[in-house]
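For reference, the structure is listed below as C-alpha cells.
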Amino acid sequence: MKKEELKIKPFLDEKTIAEKVKELGKQISKDYVGKELVVIGVLKGSFVFLSDLVRHINVPLDVEFMGVTSYEGTSSTGHVRITTDLSADIQGCHVLLVEDIVDTGMTLDYIINLLKVRAPASLKVCAFLSKPDAHIMKHKLDYVGFEITNEFVIGYGLDYNGKYRELPYVARVEINDG
Ligand code: IMP
C-alpha cells in the first residue's frame with residue numbers, strides 16, 4: 001500500500017490572521033450599525049474564523065450554524081449535502097453568512113439559494129479565504145479576508161480529510177503518494 005506524505009508549508013501566521021479578522025469585524029460593525037445580525041457559520045470549516053470574528057463585531061447578534069459537505073480529499077465532489085440545518089427562522093433578519101473558504105463557490109451558491117427562499121431582510125457573505133481563479137459562482141462575496149492562489153490549504157478551521165483544523169496558522173499542503 002502506498003504511504004501518503006503531507007508537506008505542510010505555513011503562509012498565513014497567527015498575527016496576520018488576527019489583524020485581518022479584527023479589520024473585518026470593524027468593517028462589519030460599521031456596516032450594520034443600528035441593526036441586529038444573525039451570523040451563520042458554514043460547518044465545519046468556519047468555526048474557528050467565526051468564533052474570532054464575532055468577538056470583533058459590536059452590534060447585537062445571534063449565531064447559527066449550517067452543516068454542509070461537498071469535498072472528499074482535495075477536490076469538490078460537485079454535490080452539496082446539508083448535514084445540519086439552522087435552528088431558527090431567519091425571515092426578516094439581517095443575515096451574514098460566514099464561510100471558511102470559497103473555491104468554486106458552488107457550495108456558496110447552493111446555500112445562498114436555500115437561504116433566500118427563507119426571506120431574510122438582507123443576506124451578505126463573509127469568507128475568510130477566497131480562490132478567485134477557481135470561482136464559477138453567481139453570487140458575490142461582500143467581505144473577504146485573503147485572496148489566495150488555487151492551491152489546497154489547511155489550518156484555522158480548514159481540513160484535509162478531517163484533520164489539521166486545529167492549526168492556528170494557514171498552510172499550503174503538498175501531497176506525495178510516495
Ligand atoms: P467550493 O464549493 O468549491 O467553493 O468549496 C467550498 C468548500 O470546500 C469549503 O467550504 C471547504 O470546506 C472546502 N475547500 C475548498 N478549498 C479548500 C482548501 O483549500 N482547503 C480545505 N478545504 C477546502
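Placing unit charges on each Cβ (+1 for Lys and Arg, -1 for Asp and Glu) gives the chain a dipole about its Cα centre, and among Phe152, Val173, Leu96 the Cα reaching farthest toward its positive end belongs to Leu96. Packing-based ranking of 112-119, 20-27, 153-160 yields 153-160, 20-27, 112-119, ordered from highest to lowest mean Cβ neighbour count within 10 Å.
Candidate cross-link partners of Lys22 among the aspartates and glutamates, defined by an alpha-carbon separation under 13 Å and a same-chain spacing of 8 or more, comprise Glu14, Asp52. Within the listed set Ser29, Ser46, Ser130, the Gaussian network model of the chain (springs between alpha-carbon atoms below 10 Å) gives the highest mean-square fluctuation for Ser29. For Lys140, the aspartates and glutamates whose Cα falls under 18 Å of its own Cα, not counting residues fewer than eight places away in the same chain, are Asp31, Glu99, Asp100, Asp103, Asp109. Near Lys26, which lysines are there with a Cα under 16 Å away, not counting those fewer than 8 places off in the same chain? The reachable lysines, counting only those whose Cα sits under 16 Å from Lys26, are Lys35, Lys124. Quick one: Cα centre-to-centre distance for the stretch 121-155 and the stretch 1-42, in angstrom? About 11 Å separates the Cα centre of the stretch 121-155 from the one of the stretch 1-42.
What does the helix-only formula give at 222 nm for the chain: each DSSP H stretch with n ≥ 4 adding -39500 (n - 2.57), the total divided by the residues, and the result rounded to the nearest 500 deg cm²/dmol? The helix-only estimate for the chain comes to -6500 deg cm²/dmol at 222 nm. The tail of the calculated P(r) for the chain beyond 28 Å holds 21 percent of all Cα-Cα pairs. Build a GNM of the chain with springs between Cα atoms under 10 Å apart, and of Phe47, Phe11, Phe65 the one that fluctuates most is Phe11. Might you report the magnitude of the Cβ-based charge dipole of the chain about its Cα centre, with Lys and Arg at +1 and Asp and Glu at -1, to the nearest 20 debye? With only Lys, Arg, Asp and Glu charged at Cβ, the dipole is about 180 debye.
Annotation: amide H-H contacts under 5 Å for Val102 (H modelled 1.01 Å from N, sequence separation of 5 or more, or interchain): Leu129, Ser130, Lys131. A Cβ-based charge dipole, computed about the Cα centre of the stretch 58-152 with Lys and Arg at +1 and Asp and Glu at -1, lands at about 320 debye.
Rule-based calculations on the coordinates, nothing more; no lab input. Small disclaimer: the values here were computed from a predicted structure and weren't measured. Glycine also receives a Cβ, built like all others from the backbone with ideal geometry; neighbour counts cover every protein chain displayed.
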